[in-house]
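Take a look at the structure set out below.
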Amino acid sequence: MIESTRRPYPVFFSYIGYAIFSIFLAAAILELGSVAVRNVYHWIHPGIQQGPASPAYQGYPWVQEFWKEEYLRRGTVFEDRYVPFLIWGEKPFHGEYINIDESFMGSLRRTVNSLGPACDQAPRKVIWMFGGSTVFGWGVPDTETIPSNLSRELNSAEPGCFVILNAGAEGYVTNQELLLLVEALKTGQRPDMVIFYDGVNDADAATAPGTPAPHLDFDRLKARIEGSLESKLDFLESSNSLGLARIIGGRFKRNASFAPPPAELAARAAATLDNYEANLRVVKSLGQAYNFQVFCFWQPSLASGSKPLVPFEQQLVGHILDTGPFKIERAVNDEAARRSLRNADFVFLGQIFDSVEEPLYFDYFMHLGPRGNQIAAHAIAKWVAGRAGNEKRIKKAP
């Protein structure tokens with residue numbers, strides 16, 4: 001009888017395999033269990049129903065169908081589109097309510113430009129409007145974005161003929177918008193006017209550790225580029241297990257305030273406005289070099305002004321009032337209000353809702369419903385028309 005010369009399978013490796021299998025099984029059970037616990041928690045504590053549930057949408061028959069399309073778009077373009085230098089950008093999309101078209105400036109949200117028949121023969125004034133998701137129009141159809149409302153306002157009387165390009169991109173700060181403007185000018189295209197509408201994202205960038213980050217989500221993207229261990233594990237950010245851990249941690253800390261000390265608040269606010277104003281000076285210089293007018297506006301938010309809040313908006317503020325990020329944003333807005341009084345480079349619009357009792361906001365990211373966009377566009381139109389030779393054009397609010 002010949003004895004086998006094969007070595008027995010090392011027991012050590014079988015233990016390793018068993019351990020790996022056990023870890024994956026435990027992780028799967030933990031994830032499934034977390035899903036169940038989170039669902040029960042949200043059923044007991046439904047929280048604030050943002051988006052289509054906001055009273056800012058009352059009276060608009062398109063709401064439910066629009067949000068179905070918006071969720072479809074978000075699912076289709078879940079991963080950001082990489083854009084050189086700008087890091088990310090919008091992806092093309094076409095639907096009944098939302099259209100994002102390819103252009104010389106990349107993918108742009110469609111503006112519904114209200115041009116009369118006389119504009120077929122008359123010269124047109126081209127406006128490029130830059131901003132974040134509020135300019136892009138997150139939460140409203142093409143017809144109700146700020147650029148589309150602005151087009152209706154500016155073209156409401158003779159001579160009209162303003163064509164607005166919506167260059168807003170979700171999550172952009174003025175650093176990225178400046179780069180987008182430069183890249184667009186390099187194509188040879190020229191606007192007659194450029195409008196920057198910012199504030200919320202620049203203030204939000206100030207909540208990152210250290211000096212105000214150059215863009216949102218700076219730490220995660222930096223880690224990915226540098227290939228750090230943190231970047232290898234950032235897929236866990238979207239796990240239900242970690243989401244459940246955040247909920248549990250939030251319940252223990254819900255009464256705590258995480259605001260930085262006053263000196264740090266003031267320093268962050270000052271640094272944010274220094275960066276913002278530096279960007280605007282470059283934009284103004286480009287306007288002189290390329291012969292276009294520049295108008296810059298600091299947008300309204302729940303962190304500025306004295307709007308009479310409806311119960312839903314009170315809930316939104318109550319949800320974020322004691323958080324560090326909101327206190328930083330409020331400090332940044334206060335600094336912007338002070339500097340706008342002595343600086344002609346930008347117009348502070350943080351108080352335009354102070355006498356508006358209607359519901360305007362639909363989430364605590366400061367996005368506006370249709371009515372809020374109409375009021376913001378009207379404020380911009382009055383300022384632009386008054387300095388573009390059309391002082392009598394915009395007379396009263398819509």
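Give just the number: which of (1) buried (at least 16 other Cβ atoms within 10 Å of the Cβ); (2) at pLDDT below 95 does SER301 not satisfy?
Among (1) buried (at least 16 other Cβ atoms within 10 Å of the Cβ); (2) at pLDDT below 95, SER301 violates only (2).
Of everything in segment 60-90, what is under 17 Å from GLU177 (Cα atoms) and not in a strand (DSSP E or B)? Give them in sequence order.
So in segment 60-90, the residues under 17 Å from GLU177 (Cα atoms) come out as 80-90.
Correct list: ASP80, TYR82, VAL83, PRO84, PHE85, LEU86, ILE87, TRP88, GLU90.
Please tell me if PHE312 is touching a residue at least 40 places away in the same chain (Cβ under 8 Å) and either within 21 Å of PHE348 (Cα to Cα) or among the hydroxyl-bearing types (Ser, Thr, Tyr) (or both).
No, not satisfied.
Among the numbered conditions (1) touching a residue at least 40 places away in the same chain (Cβ under 8 Å); (2) crowded, with 20+ Cβ neighbours inside 10 Å, tell me where TYR97 comes up short.
Only one criterion in (1) touching a residue at least 40 places away in the same chain (Cβ under 8 Å); (2) crowded, with 20+ Cβ neighbours inside 10 Å is unmet by TYR97, namely (2).
For segment 338-354, indicate whether the set of residues that are touching a strand residue (DSSP E or B) at 6+ places or on another chain (Cβ under 9 Å) and among the β-branched types (Val, Ile, Thr) is non-empty.
yes
So, of the residues in segment 83-94 that are of a type outside the set (Phe, Trp, Tyr), touching a helix residue (DSSP H, G or I) at 6+ places or on another chain (Cβ under 8 Å) and touching a residue at least 24 places away in the same chain (Cβ under 8 Å), which turns out to be surrounded by the most Cβ atoms within 10 Å (Cβ to Cβ)? First the steps, then the outcome.
Step one: list which residues in segment 83-94 are of a type outside the set (Phe, Trp, Tyr), which gives 83-84, 86-87, 89-92, 94.
Restricting the remaining residues to those that are touching a helix residue (DSSP H, G or I) at 6+ places or on another chain (Cβ under 8 Å) gives 86-87, 90-91.
Of the ones still in play, those that are also touching a residue at least 24 places away in the same chain (Cβ under 8 Å) are 86-87, 90.
Working: LEU86: 18, ILE87: 20, GLU90: 23.
Selected residue: GLU90.
For segment 53-87, how many residues meet the condition of being among the basic types (Lys, Arg), at pLDDT below 90 and more than 27 Å from ASN175 (Cα to Cα)?
Quick first cut of segment 53-87, residues among the basic types (Lys, Arg) only: 68, 73-74, 81.
Pick out the ones that are also at pLDDT below 90 and you get 74, 81.
Next, from what is left, pick out any that are more than 27 Å from ASN175 (Cα to Cα): none.
So the count comes out to 0.
Hey, can you tell me all the residues within segment 142-155 that are in a helix (DSSP H, G or I) and either farther than 22 Å from PRO55 by Cα or of a type outside the set (D, E, K, R) (or both)?
First, the residues of segment 142-155 that are in a helix (DSSP H, G or I): 142-144, 146-154.
Listed by number, the residues that qualify are THR143, ILE146, PRO147, SER148, ASN149, LEU150, SER151, ARG152, GLU153, LEU154.
Kindly provide the set of residues from segment 115-132 that are surrounded by fewer than 24 Cβ atoms within 10 Å (Cβ to Cβ) and either among the charged types (D, E, K, R) or within 18 Å of GLU102 (Cα to Cα) (or both), ordered by number.
Let us first name the residues in segment 115-132 that are surrounded by fewer than 24 Cβ atoms within 10 Å (Cβ to Cβ), namely 115-126.
Within segment 115-132, ASP120, ARG124, LYS125, VAL126 meet the criteria.
Quick one: how many residues across segment 157-198 are buried (at least 24 other Cβ atoms within 10 Å of the Cβ), modelled with pLDDT of 95 or more and more than 17 Å from the chain's Cα centre (by Cα)?
4
The values are calculated or read from the model by the stated rules, or taken from the named source; none is laboratory data. Keep in mind it's a predicted model, so treat the numbers as computed, not measured. Methodologically, a virtual Cβ is constructed for each residue, glycine included, from the backbone with ideal geometry; neighbour enumeration extends over all protein chains shown.
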